[in-house]
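This is the structure, below, for whatever I ask next.
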Amino acid sequence: MHVGTGGGMIAGVWMSLLWGALAASSLMLGALLGVVRPWSDAVVGSVLGFGAGALIASISFELFEEGYDTGASVALTVGLAAGAVVFYASDREVERIGGRSANGAAGLPLALGAFLDGIPEQAVLGIGLAGGGDVSIALLVAIFVSNLPEAIGSATDMRQAGSPTRDVLLLWGGVATLCALASVGGYLAAEATGEQFVAGVDGFAAGALLVMLVGAMIPEAQRKVHEKAGLAGVLGFALAAALALAG
């Protein structure tokens with residue numbers, strides 16, 4: 001399912017910023033929820049599972065399929081491998097300096113981890129606008145939902161580590177802003193290049209997200225809610241797939 005957005009470079013930039021801000025707003029929403037009260041593993045794990053399922057559907061029916069349809073299969077494959085390697089290497093560095101653990105919760109590494117997750121998926125929103133003048137509602141929903149548990153858990157940890165609420169919200173507001181701007185960057189880059197670039201970025205985002213899903217998001221959901229993570233994942237997949245196929 002897609003929503004029309006109209007034409008023109010200026011209009012496209014504004015629309016990509018609007019949709020990018022909507023997708024990234026869940027980071028700020030999650031931060032707000034995290035500083036208001038602590039959330040149980042059952043809630044966070046269920047949202048993680050649901051978001052993982054939604055992202056799997058979006059990778060299958062949006063990123064990889066649309067990248068393949070451009071006819072640039074080599075660029076798509078290279079992008080897929082590059083996204084996986086870059087995300088893996090970068091994520092290991094974030095983990096090394098404490099960005100994926102409670103010890104790093106009070107500093108910049110944690111925000112870097114969320115930024116690393118968000119940039120490729122948000123850029124694809126802008127690319128979709130440049131390619132067809134519309135935005136994928138399925139991908140938008142998947143990004144929005146998958147951002148929530150990370151932001152909720154992270155903001156909760158930061159507050160428990162003693163960070164003032166104002167600092168937590170400023171930090172996550174900055175991350176959300178940068179992720180939203182990635183949608184504009186994706187739009188402008190796609191307008192200035194051809195199908196090879198679009199397919200490569202689709203592949204890059206798919207590779208990065210798959211590594212994140214298999215290496216972090218799904219195991220964390222399983223750890224928090226056990227077998228219920230699978231059920232939540234199927235529900236998320238069903239919703240995102242239905243939205244994608246409806247278009």
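Does residue 40 satisfy the criteria of being without any contact (Cβ under 8 Å) to a residue 24 or more places away in the chain and either open to solvent by less than 10 Å² (accessible area, probe 1.4 Å) or not basic (Lys, Arg) (or both)?
When the stated conditions are applied, residue 40 passes them.
Across segment 62-88, what is the total count of residues that are open to solvent by less than 60 Å² (accessible area, probe 1.4 Å), over 14 Å from the mean Cα position of the chain (by Cα) and modelled with pLDDT of 85 or more?
8
Go through (1) at pLDDT 85 or above; (2) open to solvent by less than 10 Å² (accessible area, probe 1.4 Å) and name the single condition residue 121 misses.
Looking at each condition in turn, residue 121 falls short on (1).
Every residue in segment 224-238 that is assigned to a helix (DSSP H, G or I) and at pLDDT 90 or above, please.
225, 228, 229, 230, 231, 232, 233, 234, 235, 236, 237, 238
For segment 146-174, how many residues are open to solvent by less than 10 Å² (accessible area, probe 1.4 Å) and modelled with pLDDT of 85 or more?
Of the residues in segment 146-174, 2 are open to solvent by less than 10 Å² (accessible area, probe 1.4 Å) and modelled with pLDDT of 85 or more.
Here is a further query. Mind listing whichever residues of segment 130-145 are assigned to a helix (DSSP H, G or I) and open to solvent by 10 Å² or more (accessible area, probe 1.4 Å)?
Within segment 130-145, 130, 131, 132, 137, 140, 141, 144, 145 meet the criteria.
Whether any residue in segment 181-199 is open to solvent by 10 Å² or more (accessible area, probe 1.4 Å) and within 18 Å of residue 55 (Cβ to Cβ) is what I want to check.
yes
Which ones in segment 14-50 are more than 14 Å from the chain's Cα centre (by Cα), farther than 18 Å from residue 216 by Cα and among the polar types (S, T, N, Q)?
Within segment 14-50, 16, 40 qualify.
The values are calculated or read from the model by the stated rules, or taken from the named source; none is laboratory data. This one's a predicted model, so the numbers in the text were calculated from it and none came from an experiment. Positions of Cβ are backbone-derived with ideal geometry, glycine not excepted, and every protein chain shown enters the neighbour counts. Accessible surface areas use protein heavy atoms only, side chains included; no ligands, DNA or RNA. Shrake-Rupley method; radii C 1.70, N 1.55, O 1.52, S 1.80 Å.
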